[in-house]
1. Kindly indicate whether L21 is part of a strand (DSSP E or B), aliphatic (A, V, I, L, M) and out of contact with any helix residue (DSSP H, G or I) (no Cβ under 6 Å at 6 or more places or on another chain).
2. Considering G208, G126, which residue is closer than 28 Å to I53 by Cα, modelled with pLDDT of 85 or more and not in a helix (DSSP H, G or I)?
3. Has the stretch 36-52 got any residue that is small (G, A, S), assigned to a loop (DSSP other than H, G, I, E, B), touching a residue at least 40 places away in the same chain (Cβ under 8 Å) and within 26 Å of A173 (Cα to Cα)?
4. Against the condition part of a strand (DSSP E or B), of a type outside the set (V, I, T) and within 24 Å of L188 (Cβ to Cβ), how does L8 come out, does it pass?
5. Could you tell me which residue of the stretch 62-101 is nearest to A177 (Cα to Cα), considering only residues that are of a type in the set (K, R) and not in a loop (DSSP other than H, G, I, E, B)?
6. In this structure, is D12 surrounded by fewer than 19 Cβ atoms within 10 Å (Cβ to Cβ) and within 22 Å of P211 (Cβ to Cβ)?
7. Quickly run through the stretch 74-92 and pick out the residues that are of a type outside the set (K, R) and either over 17 Å from A110 (Cα atoms) or not assigned by TED's automatic domain parsing to the domain that holds I120 (or both).
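The values are calculated or read from the model by the stated rules, or taken from the named source; none is laboratory data. Everything numeric here is computed off the predicted structure, so don't read it as measured data. For neighbour counting, all protein chains shown are included, and Cβ atoms are generated from backbone atoms with ideal geometry for every residue, glycine included.
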Amino acid sequence: MRDDKITLLLVDDHPLYHAGLSSVLARLRPNYRLLSASDMTEGLAQLVAHPDIDLVLVDIVLPRGDGFDAVAEYGNAFPHVPRVLISGRDDKATLVRASRSGASGFISKAWPVERAVALIERVLDGKPGFENESSPGNGADKIARSKEDLTLRQIEVLCLLSEGKSNKEIAHALDIAERTVRAHLTELFHALDVGTRINAVLRAQQLGLVP
């Protein structure tokens, strides 16, 4: 684990997802600081305002542009800052396009957070950030066995759940099927040892997974 202070920038248009990831990083890597931007333009402004940013995490789905464009633009303006794309999709075409856009690495939202952090640290150390093997489990439907195994996608579901979103609204926001939302909720209830949506949110707040 890196002990030096690290500043990350997350470019994602969902503020509660930022809050959830920030809480998880505070628990797993307290030396990490996470800045936020909601779109490509705001991300560029953050890079200008914070020359100490060590790495940028960019969601592929962004308003007014996409993550591939953002990675390319950030690379032109700040070629020394590594850029890692994040997505719920991890098919070969997405990985190839991510690499061609100039990304330093790729993180699937189906990965446990520890695996994502390990890749971030690998990229920060100047090592390749594209893994040869596909993520374990069944892609975006990977289930969590305990709170330590929650995936980035499941944290995203928790954040939307804490907003009071319905299964249909969560599915629309994340561009996944409602049955996938139900599967995530079932495993989240198991991991958090709760039986209702309200208790899942309360338990997640106690664990620092959502604000």
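1. Here the answer is no, as L21 does not meet what is asked.
2. After ruling out the rest, the residue left standing is G126.
3. no
4. no
5. Taking the candidates together, the pick is K92.
6. So D12 fails the test.
7. Y74, G75, N76, A77, F78, P79, H80, V81, P82
Yes/no matrix, rows are residues, columns are (1) charged (D, E, K, R); (2) at pLDDT 85 or above; (3) in the same structural domain as D91 (by TED's automatic domain parsing):
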{"site": "N132", "(1), (2), (3)": "no, no, no"}
{"site": "S146", "(1), (2), (3)": "no, no, no"}
{"site": "I155", "(1), (2), (3)": "no, yes, no"}
{"site": "L158", "(1), (2), (3)": "no, yes, no"}
{"site": "K168", "(1), (2), (3)": "yes, yes, no"}
{"site": "A173", "(1), (2), (3)": "no, yes, no"}
{"site": "E178", "(1), (2), (3)": "yes, yes, no"}
{"site": "L185", "(1), (2), (3)": "no, yes, no"}
{"site": "T196", "(1), (2), (3)": "no, yes, no"}
